[in-house]
Amino acid sequence: MTRSASVTRTTKETDIKLELVIGGDGSSDIKSGDGFMDHMLTLFARHGLFNLTLECKGDTHVDFHHSAEDIGICLGQALKKALGDCRGINRYAFSYVPMDESLARVCLDIAGRPNLVYSVPLTDRKINNFECDLAEDFFKAFCDHSGATVHADLIRGRNSHHSLEAVFKAFGKALSTACAINSAAANEVPSTKGVL
């Protein structure tokens, strides 16, 4: 069973085309408009075994904020579309990922209730041209449009690149596990309500 979705979003600020496959081989083709964001989304796809294609043309002459947020919107919408009624998924998952001196933890619930708790204190405001605050904006937009609850915590870290790399890898691995089919309840929606 292939679970996939395509999303397009065109505004006065961004023009985005995104394709997502759940349970792929981790291949990606990312053109976000920012090299560091490309790197983070490539890591997310590779370690979560998502196939991800993204092309974003944004108003980067202003800054990268609109692009980062709208990419999160599109990824959230694609995940929600690809999962359908969420029948058979694990729903809950967590992952700890070390990256040299950094250690990140991401816990999530594909619950239909969007919420982000983001505690990722970084030593730098910027990595190359990427404003580090935009990572939180990306995750917030993802949660709002996927209906997922995500808790992202940086347990320790010195180098901001390593720290965000650990967060994005942990996010990919946790989301992959949450989306995976539970063979013991493959035809059930994982909720006492009967719907997510």
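Using a 1.4 Å probe on the protein chains only, how many percent of the accessible area of the chain belongs to carbon and sulfur?
On the way: 4300 of 9190 Å².
That fraction is 47 percent.
State the extension gain, in nm to one decimal, for the chain segment bounded by T8 and E136, taking 0.36 nm per residue of separation less the distance between their alpha-carbons.
Working: separation 128, 0.36 × 128 = 46.08 nm, distance 2.20 nm.
Length gained, T8 through E136: 43.9 nm.
Please tell me the relative contact order of the chain in percent, rounded to the nearest whole number, where contacts are Cα pairs under 8 Å and at least six residues apart.
Values: 489 pairs, mean separation 51.8, N = 196.
Computed value for the chain: 26 percent relative contact order.
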**Request:** Just check the chain against the gyration tensor rule for me: Cα atoms, a ≥ b ≥ c as the square roots of the eigenvalues, rounded for a/c under 1.5, and otherwise prolate or oblate depending on whether a/b exceeds b/c.
**Result:** oblate
**Request:** Only residues of the stretch 5-37 count here: report those whose backbone N is under 16 Å from the spot 7 Å along Cα→Cβ of N128, or say none.
**Result:** 29-37
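Leaving out ligands and nucleic acids, note down the accessible area per residue over the chain with a 1.4 angstrom probe, in whole Å². Intermediate values should be presented prior to the final figure.
Details: 9190 Å² over 196 residues.
Result: 47 Å² per residue.
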**Asked** All other residues with a Cβ under 9 Å from the Cβ of S32 taken together, and with Lys, Arg as +1 and Asp, Glu as -1, what is their net charge?
**Response** -2
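Summing -39500 (n - 2.57) over the DSSP H runs of n ≥ 4 in the chain and dividing by its residue number, what mean residue ellipticity at 222 nm do you reach, to the nearest 500 deg cm²/dmol?
Details: 4 runs with 67 residues, N = 196.
Calculated from helices alone, the mean residue ellipticity at 222 nm is -11500 deg cm²/dmol.
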**Message:** Translational diffusion coefficient of the stretch 1-52 at 4 °C, 1.567 mPa s, Stokes-Einstein with Kirkwood Rh over Cα pairs, in µm²/s as a whole number.
**Reply:** 112
**Message:** Quick check: from the Cα gyration tensor, does the stretch 57-142 come out rounded (a/c under 1.5), prolate or oblate?
**Reply:** oblate
**Request:** Starting from the exponent 0.38 and prefactor 2.2 Å, build the expected Rg for the stretch 148-196 from its residue count and divide its actual Cα Rg by it.
**Result:** 1.58
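Could you order the peptides 148-155, 171-178, 112-119, 60-67 from most to least packed, using the average number of other C-beta atoms within 10 Å per residue?
Top of the packing list down: 171-178, 148-155, 60-67, 112-119.
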**Item:** Nearest-ten-degree value, helix 133-146 long axis tilted from longest Cα axis of the chain
**Value:** 20
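The values are calculated or read from the model by the stated rules, or taken from the named source; none is laboratory data. Keep in mind that this is a model prediction, so the values were computed, not measured. As a convention, Cβ positions derive from the backbone with ideal geometry for all residues, glycine included, and neighbour counts pool all protein chains shown. Ligands, DNA and RNA are stripped out before the accessible areas are found, and what is left, the full protein with its side chains, is counted by its heavy atoms. Shrake-Rupley method; radii C 1.70, N 1.55, O 1.52, S 1.80 Å.
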